[in-house]
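K.L.:
This is the structure, below, for whatever I ask next.
The values are calculated or read from the model by the stated rules, or taken from the named source; none is laboratory data. Computed from a predicted model, the values in this text were never measured in an experiment. Note that each Cβ is placed from the backbone with ideal geometry, even for glycine, and that neighbours are counted across all protein chains shown.
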Amino acid sequence: MSKTNTSKTVTTETGQRKRVPFDGLNSRLHVAKKDPNFYYYIFNMVEDRVQRALNAGYDFVTKKEAEESDLTFGDPTVAWNSEDLNGKVTKIVGKYDNGKPIIGVLMKLPMKLHLEDEASKARNNDEIDEGLRRGGTPREEGYITGIDYNPSAGR
């Protein structure tokens, strides 16, 4: 795997260097110039996360695609190393206790599917909220009642 350094200075339309405030509000994992027809997410390459994303309909964002659309991943003013994984857009997002890097891979999902997933999560959350209001706890087979739940009682 090759490692590349993509550190660069961001300039304005007039060619002047763009000021990036040093206030900690810049996201090192921000994705800019995204296609509005897709939802983008960075999956850590741990366990089966990437395979689960593929099963859910996500696709890899390729470096060629990112270059053609001028999509950027992370703060372009910060130097970063990338593991070259067959042309996929990746970034080192952390490290394990043993010092080995945790690689994040940029993936995209058609916005239609993302909105369907969000609506499904909202319906599920509404069911859980309603069950809690009735004093139950959600389970696959329904709600178990008789649990004394009083959120205003504190601990």
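K.L.:
Mind listing just one residue for me: the one in segment 18-68 that is modelled with pLDDT of 90 or more, in a loop (DSSP other than H, G, I, E, B) and in contact with a strand residue (DSSP E or B) (Cβ under 6 Å, 6 or more places away or on another chain) and, of those, farthest from Gly94 (Cα to Cα)?
P.N.:
Checking each candidate, the answer is Gly57.
K.L.:
For segment 69-85, give me each residue that is part of a loop (DSSP other than H, G, I, E, B) and either modelled with pLDDT of 80 or more or within 16 Å of the chain's Cα centre (by Cα) (or both).
P.N.:
At the first step, the residues of segment 69-85 found to be part of a loop (DSSP other than H, G, I, E, B) are 70-71, 74-80, 84.
Selection gives Leu71, Gly74, Asp75.
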